[in-house]
Amino acid sequence: MSSKDSVVPFVFDALAVRGAVVQLEGAWSRIQQEHGYPRPVANVLGHSAAATSLIAQSLKFDGSITLQINGDGPLSMLVMQCTDNLDIRGIATASEVSSDADFASLVTNARCAVTVDAGAMERPYQGIVEVNAGSLAMSLENYFEKSVQVPSHLALCSDAFLCGGILLQQMPGEKPVGEDDWRRLGALGGTLRTEDLLDGATSTLLQKLFVEDDVRV
């Protein structure tokens, strides 16, 4: 991971919620330079890079996370892999698409597989979910709920220069988070945009997003 890339974990002091913020500039630039993609496809690839990095940052062993999307739409295949050292690479296969194509039109009848590879420690684990036409973030929230059993909020963003995102997860074994608080945190995290990631340190960003909460990085 280059000096222009970061994944910063954090916790809420008064709520049993942990999270992480990712910002990818160097890695995102390299992925785009290696393969020229139409902007709608590049946006999905950027969201995938951010999401895979957020999942990989929680690995407690030498291994990797691979996110793969396969479907019947113009974006027929996407693969993104990130190691525990946050080295990331990705590729997509897509037919011609219009410049204003949305996510739903790209991923018709698609599935998303998340594979956790712990190397020699154990056999790889794979969870598969249907791709939600709303967004990749919604699809992965479904993955966390069904395959990992961890309530999660995920927001992803991408442009030509930067991709990033924020992941919020309830901490297993702790006091359950109230429904209102959990809904509030998800709504606030969902306001994240790429320009927010360029506006100072992560701690400052978190203070702006969650003004009512004490957040510790």
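The values are calculated or read from the model by the stated rules, or taken from the named source; none is laboratory data. On a predicted model such as this, the values are computed, not experimentally measured, just so you know. Ideal geometry is used to build each Cβ from the backbone, glycine not excepted, and the neighbour counts take in all protein chains shown.
Values computed for the structure shown
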{"quantity": "Residue in region 169-191 that is polar (S, T, N, Q), buried (at least 19 other Cβ atoms within 10 Å of the Cβ) and under 23 Å from Ala27 (Cα atoms) present", "calculated": "no"}
{"quantity": "Single condition Lys4 does not satisfy, out of (1) outside any helix (DSSP H, G or I); (2) over 22 Å from His153 (Cα atoms); (3) out of contact with any Gly (no Cβ under 7 Å at 6 or more places or on another chain)", "calculated": "(3)"}
{"quantity": "Members of region 185-210 found to be assigned to a loop (DSSP other than H, G, I, E, B), over 16 Å from the mean Cα position of the chain (by Cα) and modelled with pLDDT of 95 or more, listed by number", "calculated": "Phe210"}
{"quantity": "Number of positions in region 131-164 that are loosely packed, with under 14 Cβ neighbours inside 10 Å and acidic (Asp, Glu)", "calculated": "1"}
{"quantity": "Elements of type strands (runs of 3 or more DSSP E) in region 78-145, at least 3 residues being within 18 Å of the chain's Cα centre (by Cα), within 17 Å of Gln57 (Cα to Cα) and of a type outside the set (D, E, K, R)", "calculated": "111-117"}
{"quantity": "Tally of residues being surrounded by fewer than 23 Cβ atoms within 10 Å (Cβ to Cβ) and closer than 19 Å to Asn132 by Cβ across region 56-78", "calculated": "8"}
{"quantity": "Residue selected from region 193-217 under the condition surrounded by 15 or more Cβ atoms within 10 Å (Cβ to Cβ) and free of Cβ contacts under 8 Å to residues at least 60 places away in the same chain, by the criterion nearest to Pro151 (Cα to Cα)", "calculated": "Leu209"}
{"quantity": "Residue within region 150-165 that is more than 23 Å from Phe103 (Cβ to Cβ) and over 19 Å from the mean Cα position of the chain (by Cα) present", "calculated": "no"}
